[in-house]
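Here the structure comes first, spelled out in structure tokens, and everything after it is commentary.
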Amino acid sequence: MGFSVTNQRNGSQFIADKKETILDAALRDNRIYPYGCRNGVCGACKCSLLSGTVDYGEYEDFALSDEEKREGKFLACQATALEDIVIDADEVMVGQSIQIKMLPCRVGKIERLADDVICLFLMLPKTQEFNFIPGQYIDIILKDGQRRSFSIGNLPEDAKTEGIELHIRLVPDGHFTPRVFESIKQRDLMRFEGPFGTYFFQSEPTKPVIMIAGGTGFSPIKGLFEQAMNENPNQSIHLFWGARDQEDLYMGQLVEKWLKKYPNLKYTPVLSENNTENWIGATGWVHDAVCEEYESFEEFDVYASGPPIMVNSVRDSLSKKNMHIERFFFDSFDFAPQN
């Protein structure tokens, strides 16, 4: 027997097993709350506890502060119910059926995008159906059962023919990524589970949009942008891409093609370690470059993808200049050493 979880926001109710996180119980009941990393790092699944008690689980302090806990906040991806509880949480309506599956796949194309970035395409058996929304991610299942999460970088229709596109950065001495760079080859068999996450493009066609990528955070941004352009090629979007050096802008040629094709796209690359004399982009931190460009963010929808420190800096800086927090959508991931 488990405990009942009632969402005061819409009156829905489901049962969470005693050792099951509230997020996992919700997903099992086909209820999708906002969430991202599922590791207690990004803070996307933060909810309010109105009654009852929970075990908060393990999480990073910057994802859930002591003050937020005193205010009744918890992370649904880590917390387990200790009794019947009542919560207040958004419920995401995606408008289509997205089923989380464990699937076999084979390595398709392998493209070296930079010295430390590889683009890996995973091909599914022809008999398997895999639906996802651009911006979501999958977990690669390793032979020892460990998982590694990677955002999907292409559209569902392209994934069916080209394979599921993943941008993988090398983590020296990592458990998985060195294998991608050194020994993985075409037709190698792998397994993954997904799709996960609620990082979707949610903007109205007339809404101006700012997209901010940090490093390989460009991967989900690429999916969001391509979806947005499929739906409305005239959408106004300003893309900022923060990287260490020019080589880290590993798909710069693709962005240049976008600029020629879509008249309402503006692009600002930002280098934190600029050693190039002829560099004409911005320098410094990407959130500072965004703030230097605009006096106010009141009218914008903002999408950010990158490591937690970047996403948190974007949220804090833009909030001070009138960004509506409910119109801030983010995918925060950690460059964990075990990768």
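Looking across the stretch 245-273, the residues that are closer than 17 Å to Ile212 by Cβ and either of a type in the set (Phe, Trp, Tyr) or not assigned by TED's automatic domain parsing to the domain that holds Cys291 (or both) come down to Tyr250, Trp258, Tyr267. On the stretch given as the stretch 307-324, residues that are at pLDDT 95 or above, surrounded by fewer than 20 Cβ atoms within 10 Å (Cβ to Cβ) and of a type in the set (Val, Ile, Thr) total 0. The residues listed here are Gly194, Gly217; of these, the one that is among the small types (Gly, Ala, Ser) and over 26 Å from Leu265 (Cα atoms) is Gly194.
Checked against (1) within 20 Å of Ala114 (Cβ to Cβ); (2) crowded, with 24+ Cβ neighbours inside 10 Å, Met211 passes all but condition (1).
Scan the stretch 72-92 and give yes if some residue there is surrounded by fewer than 20 Cβ atoms within 10 Å (Cβ to Cβ) and small (Gly, Ala, Ser), otherwise no. There is at least one residue in the stretch 72-92 that is surrounded by fewer than 20 Cβ atoms within 10 Å (Cβ to Cβ) and small (Gly, Ala, Ser).
Just one residue in the set Ile85, Ile15, Ile110 is in contact with a strand residue (DSSP E or B) (Cβ under 7 Å, 6 or more places away or on another chain) and under 30 Å from Ile164 (Cβ atoms); that residue is Ile110. Among the residues of the stretch 17-57, those identified as of a type in the set (Gly, Ala, Ser) and over 24 Å from Tyr199 (Cβ atoms) are Ser51, Gly52. Residues that are at pLDDT below 95 and among the charged types (D, E, K, R) were ranked within the stretch 325-334; the one that is farthest from Ile168 (Cα to Cα) is Glu326.
A search for C-beta distances below 9 Å between a residue of the stretch 166-181 that is on the phi > 0 side of the Ramachandran plot and any residue that is surrounded by fewer than 18 Cβ atoms within 10 Å (Cβ to Cβ) and of a type outside the set (A, V, I, L, M), counting only pairs 6+ apart in sequence or on different chains, returns Asp173/Pro337. For the criterion of being farther than 22 Å from His167 by Cα and not assigned by TED's automatic domain parsing to the domain that holds Ile133, Phe300 passes.
Considering only residues that are in contact with a strand residue (DSSP E or B) (Cβ under 7 Å, 6 or more places away or on another chain), among the hydrophobic types (A, V, I, L, M, F, W, C) and surrounded by 15 or more Cβ atoms within 10 Å (Cβ to Cβ), which ones fall in the stretch 189-208? Correct list: Met190, Phe192, Phe196. Select from the stretch 161-176 the residues that are in contact with a strand residue (DSSP E or B) (Cβ under 7 Å, 6 or more places away or on another chain) and either over 21 Å from Met102 (Cα atoms) or hydrophobic (A, V, I, L, M, F, W, C) (or both) and write down the one among them that is surrounded by the most Cβ atoms within 10 Å (Cβ to Cβ). Ranking the qualifying residues of the stretch 161-176, first place goes to Ile164. With respect to being more than 24 Å from Arg327 (Cα to Cα) and either buried (at least 17 other Cβ atoms within 10 Å of the Cβ) or in contact with a strand residue (DSSP E or B) (Cβ under 7 Å, 6 or more places away or on another chain) (or both), Val41 falls outside the description.
Within the stretch 108-127, take every residue that is without any contact (Cβ under 8 Å) to a residue 60 or more places away in the chain and hydrophobic (A, V, I, L, M, F, W, C) and give me the one that is farthest from Ala243 (Cα to Cα). So the residue we want is Leu124. Confirm whether Leu23 is free of Cβ contacts under 8 Å to residues at least 60 places away in the same chain, out of contact with any helix residue (DSSP H, G or I) (no Cβ under 8 Å at 6 or more places or on another chain) and not in a loop (DSSP other than H, G, I, E, B). Answer is yes for this residue.
Residue count for the stretch 140-160, restricted to those that are part of a strand (DSSP E or B) and surrounded by 19 or more Cβ atoms within 10 Å (Cβ to Cβ): 6.
The values are calculated or read from the model by the stated rules, or taken from the named source; none is laboratory data. As the structure is a prediction and not an experimental result, all values here were calculated from the model. Positions of Cβ are backbone-derived with ideal geometry, glycine not excepted, and every protein chain shown enters the neighbour counts.
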